[in-house]
Amino acid sequence: MFIDLLASLSFYIIPFLTGRLFVKKIVRAWIIGALIWFILYFLVAGISWVLKVNAFSEIIRLLALIISAVSIGKIVFEKVREVFKERKIKRPNLGYLPIFSLLFLFTSFVYFFIFYRNTPYPLSMNWDMYEHITLSDLILKGNLSFLTTRITDTFTLNSYSPIFSILLSLPKAVFERSLLGIYWWLGYWHYFLTAIASFLIAERVFRNRTLSVMTAIFSSLIFESVVAYTSLFLIPQTLVALLSMFVFWEIREQGKWMILFSSILIILMHYVLGPLTLFCIFTLYLLPKATFLTPKLLNVAIFFSTIVLLASLGAHFIGNWQTLSVEEASHFNFSIAQKWNLLNDWYGFLGIFGIIGYFRILKNKDYTSKIILVFALILLAISLAPLSYFLKFYVLAHYFITLVLVSGLSVLILNLPKVLKIVSLSFITFCLLIVFYKNQLGYKYPLHFDNYSTQVSYGEIEAGKWIGENEKNAMIISDPSLQYILEATSGVNSQGGVYMDEKTRQILSSISYSMDTSYIRNKLLNIKDLLPSEQKNKKTLFVVGGRYFAWQTLPQNEKMSSFYNIWSPQKLTDENETYVDFLSKSTQFKVVYRNSEVVIFEVI
Amino acid sequence: MESSSISTKGILSLLVLLAIGLLSLAIVYLRLPTRSIFIDGNKLEASKYAVALFDKSGSLIFSLSPQNDFFYDGNARFHIEDSLSRSTDGGVLRQLYGSLEGIIFNRNILNWNTLGSNSRGRSTEDYRFNYSSNNLEVTRTIALGSEANDIGQVLTICSGCLVVDNKDRAYFNGDFVNQDNVNLASRLKFAPLIVGENQAFPSDISKIFIFDRFGNLKLEIPLSNEEVFLQDRWHLLEIKAPVDRAKNATVKENIYIHF
């Protein structure tokens, strides 16, 4: 656990140390470092391919260690030189340290004491992380391509480059440990950093320490429990949003080159969210330089943004906006009533601060606040548009809306004496904490297993570990959820993981009621990976677990959809055991591993 | 300079902040009422008329309802609620208290508040379920139109389940002996004991066990000075606890659950 804690920090430290060789500022160094690693991975993969060397992971490890050592050496050298030059040791400037410590305590309390209280190490509630773990594992095996769909058929869309998984693979390469435990810690660091980013942005906007701290608290306690997941889960979309906040924070000091590097990284990290983020970055970068800008003009922009938001809401009542033919997409196009309910779950009635903040910003003359409000309105309009997946854009809206909310709050605390100010802010924090508590309970509702809130069980992790250690060259076949988790925990391939294609789903569904083992065997052996490189003859492992049987009881249309999954682990029931006995008595299926949740058969 | 005294604007701001905060709490509890909790992955769920515990496969383990619970006035027995007109999660304040217990003590609490009536008038029965380490503590707070001297806490147990005491005796009602249950009792080496519907179990017992029809132990209920009755026909197990004669009473029952 402690080593995984260190390893999780290396997700941030290694790119930082790499970029630190060229620039001193933390955020800029991380951005440059991340881009350098992206290039380095492709270089190493290319060279390894030309020289026919099969030691990708080892080379990356060596490079990471050398670069980090050189960078640390450089930092130490600079510090020593500084001391000699000035002939005295400078008193360290504590700067934001006390505030960051406070936020560390607060976020640790919320994350570990409330959200992850019943999710002990290394269990998890981040469903998306398994595909990134799978991708990282494959990348470390030297299986690198610019298109994620060419690395594994677990990715069916190229909505980002592999840069996120490349960065994720660095801790694994250096520490040679499973990413599952590392990810457990990464979730918290991401949460902490969203609070820091919100604080820093608020410092620029409000220039008021109390309001900045309140922004960080609001940001930590507003959890978009559907689609966006801004603060509590580390995935590419949430990292892009976080990164852009740090870029905004330093935007006035950034040169053109740095803006370019940031833009490249943001685009590589997410092709859909990236362009919108860049629009915000460029607007913030260029607008303050525009001489024609007046508060009046910005108020006109606010007015038009409001119209856009109203139009976006109004569009729900006109026609059918279901543009994507993908079945899953229809489940991510929410009605206006559903969105209203979601906003209530996330904010309670505290969203009213947004309306107060709107009028406050409209009235005052501060350029930055007005631009923030325009962003908040436009991003809200886009997020709430009646189009599939658009709620994803809320990940970016989260930060701007929080600023507008706190701006509204500031109006109400303005006239209060210090003591009452503290009491009021504590009361609002308490209310928000309760809203968060209830909201996160709703998210956890389908994720119960034993006394845990989790999407994976110890039994499944053990099974995955066993496959990884004993059956490296096999192919896993199970229900979508279980094979998705086992693929990530074992590093052994499956057909599509949770994004299993329809043909495989039909094969699995067809064997549901069959009591003919030869038929089952032949059907299972017909399942092939979508990537030609993975289609060679491999040992087939048929994994049946509580999840598999639960999946088989779903209606046919749900079995054919990647939207419906068995989200939490399930134990094998007596009825399931009867089926397991039936298979194990045949000559075509041999039990090679079993525990209370999972039985692994080798298909002979 | 910040003034230390509070202005009219300040008072107004305070009131608005208070209203916003309270409205937030109200919205969140109205929008997301706690109607169910998970205990070891099994669901304890409140519906309009009862609270029921279901196992992972969705089978009923037991249920509770004020329409089954009794109060005793002398020797006369009455249902606490003959008709149940309304049931809620206990209101915002109770919910808030439950949330705080959840945050601070990681408690898993379900509140269920019912309003109904019986032949003596209006009555309310308030249930609080608190689960920790296999023990489901059920607290019933009852307000009646008349005074009571005993409260009959009734559990509707699973169909085909077997009621056994700590002396390995399996209980049946004479008129409704189910042959399957008798076979199950003999298979599990319990001695069958016939009791009438209104006849209390022997007073020398300290525990009641409920086994399902596969012979798996499901529930364990420790007794102190309560009397126990069985109505096999309706799968009802009554644990009658004495209370101080009053219109309001609170009784506690511990149910140890074996999953």
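The values are calculated or read from the model by the stated rules, or taken from the named source; none is laboratory data. Remember, it's a predicted structure, so these values are computed and weren't measured experimentally. Neighbour counts are summed over all protein chains in view; Cβ atoms, including those assigned to glycine, are modelled from backbone coordinates with ideal geometry.
Just the residues that are buried (at least 21 other Cβ atoms within 10 Å of the Cβ) and modelled with pLDDT of 90 or more, please, taken from the stretch B:117-135. Walk me through how you get there before you give the answer.
Kept after step one, since they are buried (at least 21 other Cβ atoms within 10 Å of the Cβ), are these residues of the stretch B:117-135: B:123, B:125, B:127, B:129, B:131.
Passing the criteria: B:SER123, B:GLU125, B:TYR127, B:PHE129.
One line per residue, one yes/no per condition, for (1) farther than 30 Å from A:TYR443 by Cβ; (2) buried (at least 20 other Cβ atoms within 10 Å of the Cβ); (3) within 14 Å of another protein chain (Cβ to nearest Cβ):
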| position | (1), (2), (3) |
| --- | --- |
| B:ILE11 | yes, no, yes |
| B:LEU18 | no, no, yes |
| B:LEU25 | no, yes, yes |
| B:ASP40 | no, no, yes |
| B:TYR49 | no, no, no |
| B:ALA76 | yes, no, no |
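If the requirement is being surrounded by fewer than 24 Cβ atoms within 10 Å (Cβ to Cβ), within 14 Å of another protein chain (Cβ to nearest Cβ), of a type in the set (A, V, I, L, M, F, W, C) and not in a helix (DSSP H, G or I), which of these qualifies: A:LEU387, A:LEU416, A:LEU433, A:LEU420? Before you say what the answer is, go through the steps one by one.
Numbers: A:LEU387 fails: within 14 Å of another protein chain (Cβ to nearest Cβ); A:LEU433 fails: not in a helix (DSSP H, G or I); A:LEU420 fails: not in a helix (DSSP H, G or I).
The unique qualifying residue is A:LEU416.
Which residues, taken from the stretch B:78-95, are buried (at least 18 other Cβ atoms within 10 Å of the Cβ) and within 11 Å of chain A (Cβ to nearest Cβ)?
The answer is B:GLN95, and nothing else.
Please specify each residue of the stretch B:129-174 satisfying the condition of being among the small types (Gly, Ala, Ser) and under 19 Å from the mean Cα position of the chain (by Cα).
The initial filter retains those residues of the stretch B:129-174 that are among the small types (Gly, Ala, Ser), namely B:132-133, B:143, B:145-146, B:148, B:152, B:159-160, B:170, B:174.
Those that are among the small types (Gly, Ala, Ser) and under 19 Å from the mean Cα position of the chain (by Cα): B:SER132, B:SER133, B:ALA143, B:ALA148, B:GLY152, B:SER159.
Suppose we filter B:PHE209, B:PHE190, B:PHE201 for residues that are farther than 23 Å from B:SER65 by Cβ and of a type in the set (Phe, Trp, Tyr); which single one remains? Even if it seems obvious, please write down each step before you answer.
On the way: B:PHE209 fails: farther than 23 Å from B:SER65 by Cβ; B:PHE201 fails: farther than 23 Å from B:SER65 by Cβ.
On inspection, the qualifying residue turns out to be B:PHE190.
Condition first: touching a residue at least 60 places away in the same chain (Cβ under 8 Å) and not in a helix (DSSP H, G or I). Now tell me which residues in the stretch A:437-469 satisfy that.
The answer is A:PRO446, A:LEU447, A:HIS448, A:PHE449, A:ASN451, A:TYR452, A:SER453, A:THR454, A:GLN455, A:VAL456, A:SER457.
Among the numbered criteria (1) within 14 Å of chain A (Cβ to nearest Cβ); (2) farther than 29 Å from B:LEU23 by Cβ; (3) not in a strand (DSSP E or B), which single criterion is violated by B:LEU100?
If we test B:LEU100 against (1) within 14 Å of chain A (Cβ to nearest Cβ); (2) farther than 29 Å from B:LEU23 by Cβ; (3) not in a strand (DSSP E or B), just (2) comes out false.
Filter the stretch A:1-29 down to the residues that are farther than 15 Å from A:VAL174 by Cα, in a helix (DSSP H, G or I) and either of a type in the set (Ser, Thr, Tyr) or in contact with a Lys or Arg (Cβ under 9 Å, 6 or more places away or on another chain) (or both) and list them by number.
If the condition is that a residue be farther than 15 Å from A:VAL174 by Cα, in a helix (DSSP H, G or I) and either of a type in the set (Ser, Thr, Tyr) or in contact with a Lys or Arg (Cβ under 9 Å, 6 or more places away or on another chain) (or both), then A:GLY19, A:ARG20, A:ILE26, A:ALA29 are the ones that fit.
Would you please list the contacts, defined by Cβ atoms under 6 Å and residues six or more apart or on different chains, that run from a residue in the stretch A:98-119 that is away from chain B (no Cβ under 14 Å) to a residue that is assigned to a helix (DSSP H, G or I) and buried (at least 16 other Cβ atoms within 10 Å of the Cβ)?
Here the result reads A:LEU103/A:ALA195; A:LEU103/A:ALA216; A:THR107/A:TYR191; A:THR107/A:PHE192; A:THR107/A:ALA195; A:THR107/A:SER220, each pair linking the stretch A:98-119 to a residue that is assigned to a helix (DSSP H, G or I) and buried (at least 16 other Cβ atoms within 10 Å of the Cβ).
Spot the failing condition for A:LYS438; the list is (1) of a type outside the set (Phe, Trp, Tyr); (2) at pLDDT 95 or above; (3) more than 30 Å from A:SER369 (Cα to Cα), and only one is missed.
(2)
Those residues that are within 20 Å of A:ILE201 (Cα to Cα) and outside any helix (DSSP H, G or I), I need them from the stretch A:66-114; list them, please.
A:LEU94, A:GLY95, A:TYR96
If the requirement is being in contact with a strand residue (DSSP E or B) (Cβ under 8 Å, 6 or more places away or on another chain) and either away from every other protein chain (no Cβ under 14 Å) or of a type in the set (D, E, K, R) (or both), which of these qualifies: A:THR152, A:THR148? Full working, then the answer.
Values: A:THR148 fails: in contact with a strand residue (DSSP E or B) (Cβ under 8 Å, 6 or more places away or on another chain).
That would be A:THR152, the only listed residue that is in contact with a strand residue (DSSP E or B) (Cβ under 8 Å, 6 or more places away or on another chain) and either away from every other protein chain (no Cβ under 14 Å) or of a type in the set (D, E, K, R) (or both).
Could you tell me which numbered condition A:PHE279 fails, if it satisfies all but one of (1) surrounded by fewer than 17 Cβ atoms within 10 Å (Cβ to Cβ); (2) closer than 30 Å to A:PHE353 by Cβ; (3) under 19 Å from the mean Cα position of the chain (by Cα); (4) among the aromatic types (Phe, Trp, Tyr)?
The one condition A:PHE279 does not meet is (3).
I'd like the full set of residues that are closer than 14 Å to B:ARG77 by Cα and of a type in the set (Ser, Thr, Tyr), limited to the stretch B:136-151.
Listed by number, the list holds a single entry, B:SER146.
Which members of the stretch A:436-451 meet the condition of being more than 7 Å from chain B (Cβ to nearest Cβ) and either of a type in the set (A, V, I, L, M, F, W, C) or out of contact with any strand residue (DSSP E or B) (no Cβ under 7 Å at 6 or more places or on another chain) (or both)? Don't jump to the end; show me each part of the working.
Initially, the stretch A:436-451 is screened for residues more than 7 Å from chain B (Cβ to nearest Cβ), giving A:436, A:439-441, A:443-447.
Scanning the stretch A:436-451 gives A:PHE436, A:ASN439, A:GLN440, A:LEU441, A:TYR443, A:TYR445, A:PRO446, A:LEU447.
Could you count how many residues in the stretch A:13-29 are closer than 15 Å to A:MET258 by Cα, surrounded by 21 or more Cβ atoms within 10 Å (Cβ to Cβ) and among the aliphatic types (A, V, I, L, M)?
1
Rundown of residues vs (1) without any contact (Cβ under 8 Å) to a residue 40 or more places away in the chain; (2) touching a Leu at 6+ places or on another chain (Cβ under 7 Å); (3) of a type outside the set (A, V, I, L, M, F, W, C), yes/no style:
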residue	(1), (2), (3)
A:VAL205	no, yes, no
A:ASN208	no, no, yes
A:VAL213	no, no, no
A:SER225	no, no, yes
A:PHE233	no, no, no
A:PHE261	no, yes, no
A:MET269	no, yes, no
A:VAL272	no, no, no
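Taking A:PHE112 as the residue in question, decide whether it is modelled with pLDDT of 95 or more and surrounded by fewer than 18 Cβ atoms within 10 Å (Cβ to Cβ). Steps first, answer last, please.
Numbers: modelled with pLDDT of 95 or more: yes; surrounded by fewer than 18 Cβ atoms within 10 Å (Cβ to Cβ): yes.
It is true that A:PHE112 is modelled with pLDDT of 95 or more and surrounded by fewer than 18 Cβ atoms within 10 Å (Cβ to Cβ).
Do we have B:PHE62 as within 9 Å of another protein chain (Cβ to nearest Cβ), surrounded by 15 or more Cβ atoms within 10 Å (Cβ to Cβ), in contact (Cβ under 8 Å) with a residue 24 or more places away in the chain and not charged (D, E, K, R) here? Spell out the reasoning first.
Numbers: within 9 Å of another protein chain (Cβ to nearest Cβ): no; surrounded by 15 or more Cβ atoms within 10 Å (Cβ to Cβ): yes; in contact (Cβ under 8 Å) with a residue 24 or more places away in the chain: yes; not charged (D, E, K, R): yes.
No.
Take A:ARG177 and tell me if it is of a type in the set (D, E, K, R), assigned to a helix (DSSP H, G or I) and at pLDDT below 95.
On the way: of a type in the set (D, E, K, R): yes; assigned to a helix (DSSP H, G or I): no; at pLDDT below 95: yes.
In short, no.
Which of the following residues is part of a loop (DSSP other than H, G, I, E, B), in contact (Cβ under 8 Å) with a residue 40 or more places away in the chain and not small (Gly, Ala, Ser): B:ILE205, B:ILE239? Give the derivation first.
Working: B:ILE239 fails: part of a loop (DSSP other than H, G, I, E, B).
One residue alone meets the criteria, B:ILE205.
Quickly run through the stretch B:115-168 and pick out the residues that are hydroxyl-bearing (Ser, Thr, Tyr) and within 24 Å of B:VAL228 (Cβ to Cβ). Write out each step before concluding.
Taking the stretch B:115-168 first, the residues hydroxyl-bearing (Ser, Thr, Tyr) are B:117, B:119, B:123-124, B:127, B:131-133, B:139, B:141, B:146, B:156, B:159.
If the condition is that a residue be hydroxyl-bearing (Ser, Thr, Tyr) and within 24 Å of B:VAL228 (Cβ to Cβ), then B:SER123, B:TYR127, B:TYR131, B:THR139, B:THR141, B:THR156, B:SER159 are the ones that fit.
Exactly one condition in (1) at pLDDT below 95; (2) under 21 Å from A:SER169 (Cβ atoms) is false for A:ILE39; which is it?
Condition (1) is where A:ILE39 drops out.
Where in the stretch A:492-604 are the strands (runs of 3 or more DSSP E), entirely inside, with at least 2 residues that are under 22 Å from A:PHE449 (Cα atoms), in contact with a His (Cβ under 9 Å, 6 or more places away or on another chain) and hydrophobic (A, V, I, L, M, F, W, C)?
On the way: elements: A:539-545, A:589-594, A:598-603.
Fully inside the stretch A:492-604 and qualifying: nothing.
Mind checking whether some residue in the stretch A:394-407 is assigned to a helix (DSSP H, G or I), more than 8 Å from every other protein chain (Cβ to nearest Cβ) and surrounded by fewer than 21 Cβ atoms within 10 Å (Cβ to Cβ)?
Looking through the stretch A:394-407, none of the residues is assigned to a helix (DSSP H, G or I), more than 8 Å from every other protein chain (Cβ to nearest Cβ) and surrounded by fewer than 21 Cβ atoms within 10 Å (Cβ to Cβ).
So which helices (runs of 4 or more DSSP H) are wholly in the stretch A:284-373 and hold at least 3 residues that are within 25 Å of the chain's Cα centre (by Cα) and touching a residue at least 40 places away in the same chain (Cβ under 8 Å)?
The qualifying helices (runs of 4 or more DSSP H) are A:327-331, A:336-347.
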